[in-house]
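Trainee: Mind looking over this structure? Questions follow.
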Amino acid sequence: MELKKTSGQVAVPNGELYFEKIGNGEPLILIHAGFSDRRDWMHQISDFGKKYGTIAYDQRGFGNSSITEGEFSPADDLKAIVDHLNIDKTILVSHSLGGTIALDFALQYPNNVEALVLIASGLNGYSWSKEYLELMGSIWSVPQPEIMTKKFLSAPFYAIGMHEPSIKYDVETMTKENFNKVLTWKTFDVHDVHWFFPEPAAKLKDIKAPTFVVYGDQDAEDIKKIAHLLSENIQNVETTIIKNADHLLNFEKPTELNNLVLDFLSDFEQR
């Protein structure tokens, strides 16, 4: 039976957030990576929707959500969705930058979090490598969506996915559209983004929600180091490495990833 999908808009300061919901049951919210949108979860949402009321939203400035127009909090944006849908507690499943937001939310609103799934997660306060900072700097050096997309996706930690034509098309299309939208933002100042915690390890110990950390063995060294920090500092955590996958493991290994996530959630519920 085909799952029913609904969509809507949630009001936030200076804009609106777009979301889609599929399935019924316990709420599960998908938080996408940077320079992408809800399509980051095109291979997950239906599988998760068979068991959970699965919500995928576009972060501010991406997809169908409003552009950024000044100061905002990604965690407060997520809280607006939680409140709009009358959610008491939710499972948060996140990818890359989405993991940074999920962690921030879990620290700021712990009573709203049932469990955390952190896929190739970022981490606020982490000291990124010189190589990563140089890559990001080169992307913004030529503000043209085609060039920005090419530079971004030429990073070594996207290599596996970029050698698969179907993945390459889907990811390039999504990334280019979002770079095009980013260039319409009224501000590019990272200081306009308000995070709850500036340092990683000390605050991570305050997270009580059961947490699943998963990443690909071919991902960037920064992501592997972050995974280690998460595993060492979160109290109730499980960690898994997916072989022959990089930062696009949600596209490259969707069946394996989905099964791992669903198994973790099933085990957590049984306990």
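The values are calculated or read from the model by the stated rules, or taken from the named source; none is laboratory data. Fair warning: this is a prediction, and the values are worked out from it, not measured in the lab. Methodologically, a virtual Cβ is constructed for each residue, glycine included, from the backbone with ideal geometry; neighbour enumeration extends over all protein chains shown.
Trainee: Answer with yes or no whether Ile226 is over 29 Å from Ser65 (Cα atoms) and crowded, with 20+ Cβ neighbours inside 10 Å.
Mentor: Values: over 29 Å from Ser65 (Cα atoms): no; crowded, with 20+ Cβ neighbours inside 10 Å: yes.
No: the conditions fail for Ile226.
Trainee: Next up: For Ile22, indicate whether it is under 15 Å from the mean Cα position of the chain (by Cα), crowded, with 20+ Cβ neighbours inside 10 Å, within 27 Å of Leu265 (Cβ to Cβ) and of a type outside the set (Asp, Glu).
Mentor: Numbers: under 15 Å from the mean Cα position of the chain (by Cα): no; crowded, with 20+ Cβ neighbours inside 10 Å: yes; within 27 Å of Leu265 (Cβ to Cβ): yes; of a type outside the set (Asp, Glu): yes.
Spelling it out, it is not the case that Ile22 is under 15 Å from the mean Cα position of the chain (by Cα), crowded, with 20+ Cβ neighbours inside 10 Å, within 27 Å of Leu265 (Cβ to Cβ) and of a type outside the set (Asp, Glu).
Trainee: Shifting gears a bit: Tell me, please, whether a residue that is at pLDDT 95 or above and on the phi > 0 side of the Ramachandran plot can be found in the stretch 215-234.
Mentor: No; the residues of the stretch 215-234 include none that is at pLDDT 95 or above and on the phi > 0 side of the Ramachandran plot.
Trainee: To continue, here is another question. Restricting attention to the stretch 25-55, and to residues there that are in contact (Cβ under 8 Å) with a residue 40 or more places away in the chain and of a type in the set (Gly, Ala, Ser), which single residue is surrounded by the fewest Cβ atoms within 10 Å (Cβ to Cβ)?
Mentor: Out of the qualifying residues, it is Ser46.
Trainee: Now for a separate question. Based on this model, can you work out whether Lys168 counts as touching a helix residue (DSSP H, G or I) at 6+ places or on another chain (Cβ under 8 Å), assigned to a helix (DSSP H, G or I) and either in contact (Cβ under 8 Å) with a residue 24 or more places away in the chain or more than 23 Å from Phe251 (Cα to Cα) (or both)? Full working, then the answer.
Mentor: Numbers: touching a helix residue (DSSP H, G or I) at 6+ places or on another chain (Cβ under 8 Å): yes; assigned to a helix (DSSP H, G or I): yes; either in contact (Cβ under 8 Å) with a residue 24 or more places away in the chain or more than 23 Å from Phe251 (Cα to Cα) (or both): no.
No: the conditions fail for Lys168.
Trainee: Separate question: Test each condition in (1) modelled with pLDDT of 95 or more; (2) under 22 Å from Gln218 (Cα atoms); (3) not in a helix (DSSP H, G or I) for Trp128 and report the one that comes out false.
Mentor: With respect to (1) modelled with pLDDT of 95 or more; (2) under 22 Å from Gln218 (Cα atoms); (3) not in a helix (DSSP H, G or I), Trp128 is out only on (1).
Trainee: Mind counting the residues in the stretch 65-91 that are out of contact with any helix residue (DSSP H, G or I) (no Cβ under 8 Å at 6 or more places or on another chain), modelled with pLDDT of 95 or more, surrounded by fewer than 19 Cβ atoms within 10 Å (Cβ to Cβ) and assigned to a loop (DSSP other than H, G, I, E, B)?
Mentor: 2
Trainee: Check the stretch 220-239 and report whether any residue there is under 21 Å from Leu92 (Cβ atoms) and among the small types (Gly, Ala, Ser).
Mentor: First, pick out the residues of the stretch 220-239 that are under 21 Å from Leu92 (Cβ atoms): 223, 226-239.
Imposing the further condition that a residue be among the small types (Gly, Ala, Ser) reduces the set to 227, 231.
Yes: one or more hits.
Trainee: Given the options Ala227, Ala209, Ala159, name the one that is of a type in the set (Gly, Ala, Ser), assigned to a loop (DSSP other than H, G, I, E, B) and touching a residue at least 24 places away in the same chain (Cβ under 8 Å). Outline the logic, then answer.
Mentor: Working: Ala227 fails: assigned to a loop (DSSP other than H, G, I, E, B); Ala159 fails: assigned to a loop (DSSP other than H, G, I, E, B).
Testing whether each residue is of a type in the set (Gly, Ala, Ser), assigned to a loop (DSSP other than H, G, I, E, B) and touching a residue at least 24 places away in the same chain (Cβ under 8 Å) leaves just Ala209.
Trainee: Every residue in the stretch 1-42 that is part of a loop (DSSP other than H, G, I, E, B), acidic (Asp, Glu) and modelled with pLDDT of 95 or more, please. So that I can check it myself, show each step before the final result.
Mentor: The initial filter retains those residues of the stretch 1-42 that are part of a loop (DSSP other than H, G, I, E, B), namely 1-4, 13-14, 23-26, 32-37, 42.
Those left that are additionally acidic (Asp, Glu): 2, 26, 37.
Within the stretch 1-42, Glu26, Asp37 meet the criteria.
Trainee: Only one residue in Gly70, Gly15, Gly34 is in contact with a Pro (Cβ under 9 Å, 6 or more places away or on another chain), under 23 Å from Thr175 (Cα atoms) and not β-branched (Val, Ile, Thr), so which one is that? Before you say what the answer is, go through the steps one by one.
Mentor: Working: Gly15 fails: in contact with a Pro (Cβ under 9 Å, 6 or more places away or on another chain); Gly34 fails: in contact with a Pro (Cβ under 9 Å, 6 or more places away or on another chain).
Testing whether each residue is in contact with a Pro (Cβ under 9 Å, 6 or more places away or on another chain), under 23 Å from Thr175 (Cα atoms) and not β-branched (Val, Ile, Thr) leaves just Gly70.
Trainee: Working carefully through the options Leu28, Leu17, Leu3, find the one that is under 19 Å from the mean Cα position of the chain (by Cα), of a type in the set (A, V, I, L, M, F, W, C) and under 19 Å from Pro254 (Cβ atoms). Break it down into steps so the answer makes sense when it comes.
Mentor: On the way: Leu17 fails: under 19 Å from Pro254 (Cβ atoms); Leu3 fails: under 19 Å from the mean Cα position of the chain (by Cα).
The match here is Leu28.
Trainee: Follow-up. Of these, Ser94, Ser138, which one is closer than 26 Å to Gln218 by Cα and outside any helix (DSSP H, G or I)? Outline the logic, then answer.
Mentor: Details: Ser138 fails: outside any helix (DSSP H, G or I).
Unique residue meeting the criteria: Ser94.
Trainee: Using beta carbons and a limit of 6 Å, which pairs, at least six apart or on different chains, have the first residue in the stretch 139-156 and within 15 Å of Met174 (Cα to Cα) and the second one surrounded by 13 or more Cβ atoms within 10 Å (Cβ to Cβ) and of a type in the set (Val, Ile, Thr)?
Mentor: The qualifying pairs are Met148/Ile139; Thr149/Thr175; Lys151/Ile139; Phe152/Ile139.
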